[in-house]
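Each remark here refers to the structure printed beneath this line.
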Amino acid sequence: MRNLLWVVVAGLVIGAGYIVFTGKSLRELIGQVQDAGQPAVEASGEVEAATNAVQEAAQEGADAAAGMSEEAADAAQDAANSITDAAEGAADTASEAAEETVNSVSEAAGQAVDALEEAAGGAGEWLTPEGFDLDKALDLIENSDLGGLKKTALAESIKAAAEDPDLLNAALASVREALGL
């Protein structure tokens, strides 16, 4: 369970970076996360199919045992029932595990989307003349995947324009465009 938590946290961090720096929409990320949970749902269906096959085989065995002596038939029926019960238990367990996995992934995706929306909204605010925060804007530029020269040019332009609202608006527009915000 602890490993699943770390996987979810790593996914959130990677997802946040992906959305902030690639400009992909949150809807696209949700679709990708939902697609990732689809194999677990499909595996659940395969387990059910295997359970049905085992049940059919057990029934065929029971039918064949009908021609045997009553004692042998009872033993075969008991064995068939045991196999059927075990297969049903395994199918139920697999289905529950698959549902829990899909639910966990969906919940984590929802939390990631909320966190990303909050982070994206904050970044957009720092890069407007009204909500401008020089330190946060510089940190955002520095931690982006832009090239070194582009980072330096953007950082210097907002530092130089920090005191002049007309220049600042143009400099911040350049930063937003470069970061895809």
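Would you check which residues across the stretch 159-181 are more than 20 Å from G23 (Cβ to Cβ) and touching a residue at least 12 places away in the same chain (Cβ under 8 Å) and list them?
K159, A162, P165, L168, N169
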*Within the group T128, T152, which residue is at pLDDT 90 or above and more than 16 Å from G23 (Cα to Cα)?*
T152
*asked:* Restricting to the stretch 128-149, name every residue that is more than 32 Å from the chain's Cα centre (by Cα), surrounded by 13 or more Cβ atoms within 10 Å (Cβ to Cβ) and part of a helix (DSSP H, G or I).
replied: L134
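The values are calculated or read from the model by the stated rules, or taken from the named source; none is laboratory data. Because the structure is predicted, anything quoted here is derived from the model rather than measured. Because the Cβ atoms are built from the backbone with ideal geometry, glycine has one as well, and the counts that use them run over all protein chains shown.
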